[in-house]
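Taking it in order: structure first as structure tokens, then the write-up.
The values are calculated or read from the model by the stated rules, or taken from the named source; none is laboratory data. Here the structure is a predicted model, which means the values were calculated and not measured. Here the Cβ positions follow ideal geometry from the backbone for every residue, glycine too, while neighbour counts run over all protein chains shown. Note: areas computed on protein heavy atoms with side chains; ligands, DNA, RNA excluded. Shrake-Rupley method; radii C 1.70, N 1.55, O 1.52, S 1.80 Å.
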Amino acid sequence: MTEEQSKNIEGHAPSKYGENNSTEKQVLWLQQRIAHCIEYVGTHRIRNQRKATLVKLTTILFSAIATILLGLRIAGLEVVFKDIAFVLTALTATLSAIEPYFNYRGLWVEHERAKYRFHRLQDQLNFEVEAQGVNEISNERMKWFNSEYQEIWTELSETRLQQRVNDQYKV
């Protein structure tokens, strides 16, 4: 979103589309919101991807190190290795138990899906603006675009809430 387009949302300057009107304001507002959502969801997708990867790799690493330590036969260090392996095994079990609760992988996938849908909505809106002109988009069509925008957020939120409800009954 350019600075000029942002000013147009507030009605401070005429836009490349001509005089400001209600449809133009709606289009510019929705374009701005969709762009913000793509950035927001993308940031959270990356964050959850990193957390999911970290938990999985840490669990695998602790398990592998514990197995190796239990197999080492070095005189005088066998007890120390067994103690370290015991701690690593306990940490592996703890990580494996809490990973489903936080469900970073599931969140990563849901944010990826939402980002894709926001991009698709952005492309549809931009195509319609370019094909018809901003002033030719009907009020009904703008309601549809806004409804799709709201639906993406609703599905993302409901998915997360459903995961929390399911987690509540797993304990």
* To do: Determine the pairs where a residue that is charged (D, E, K, R), located within segment 74-85, has a partner that is assigned to a loop (DSSP other than H, G, I, E, B) with Cβ atoms under 9 Å apart, the partner being 6 or more residues away or on another chain.
  => E78/L72
* Top-ranked residue in segment 132-171 [being modelled with pLDDT under 95 and among the small types (G, A, S); ranked as nearest to Y40 (Cα to Cα)] -> S157
* Tell me which residues, restricted to segment 30-77, are open to solvent by less than 50 Å² (accessible area, probe 1.4 Å) and charged (D, E, K, R). => R45
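So which residues in segment 114-131 are more than 25 Å from Y40 (Cα to Cα) and not acidic (D, E), if there are any at all? Don't jump to the end; show me each part of the working.
Of the residues in segment 114-131, the ones more than 25 Å from Y40 (Cα to Cα) are 130-131.
The answer is A131, and nothing else.
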* Asked: Out of segment 67-81, which residues are in contact with a Leu (Cβ under 7 Å, 6 or more places away or on another chain) and either basic (K, R) or in a loop (DSSP other than H, G, I, E, B) (or both)?
  -> none
* Qualifying positions in segment 134-157 - of a type in the set (D, E, K, R) and open to solvent by less than 60 Å² (accessible area, probe 1.4 Å) -> E148
* To do: Could you pull out the residue among A114, A93 that is among the aliphatic types (A, V, I, L, M) and more than 23 Å from E39 (Cβ to Cβ)?
  => A93
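Condition test on A131, is it part of a helix (DSSP H, G or I), free of Cβ contacts under 8 Å to residues at least 24 places away in the same chain and open to solvent by 50 Å² or more (accessible area, probe 1.4 Å)?
yes
Condition (residue is surrounded by 17 or more Cβ atoms within 10 Å (Cβ to Cβ), in contact with a Phe, Trp or Tyr (Cβ under 6 Å, 6 or more places away or on another chain) and either over 26 Å from I38 (Cα atoms) or at pLDDT 95 or above (or both)) applied to segment 81-90: is it met by at least one residue? Can you show your working first?
To start, the set of residues in segment 81-90 that are surrounded by 17 or more Cβ atoms within 10 Å (Cβ to Cβ) comprises 81, 85, 88-89.
Checking the rest, the ones that are also in contact with a Phe, Trp or Tyr (Cβ under 6 Å, 6 or more places away or on another chain) come to 88.
Imposing the further condition that a residue be either over 26 Å from I38 (Cα atoms) or at pLDDT 95 or above (or both) reduces the set to 88.
For segment 81-90, residues surrounded by 17 or more Cβ atoms within 10 Å (Cβ to Cβ), in contact with a Phe, Trp or Tyr (Cβ under 6 Å, 6 or more places away or on another chain) and either over 26 Å from I38 (Cα atoms) or at pLDDT 95 or above (or both): present.
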* **Among (1) out of contact with any strand residue (DSSP E or B) (no Cβ under 8 Å at 6 or more places or on another chain); (2) farther than 30 Å from T53 by Cβ - the single one A114 does not satisfy** => (2)
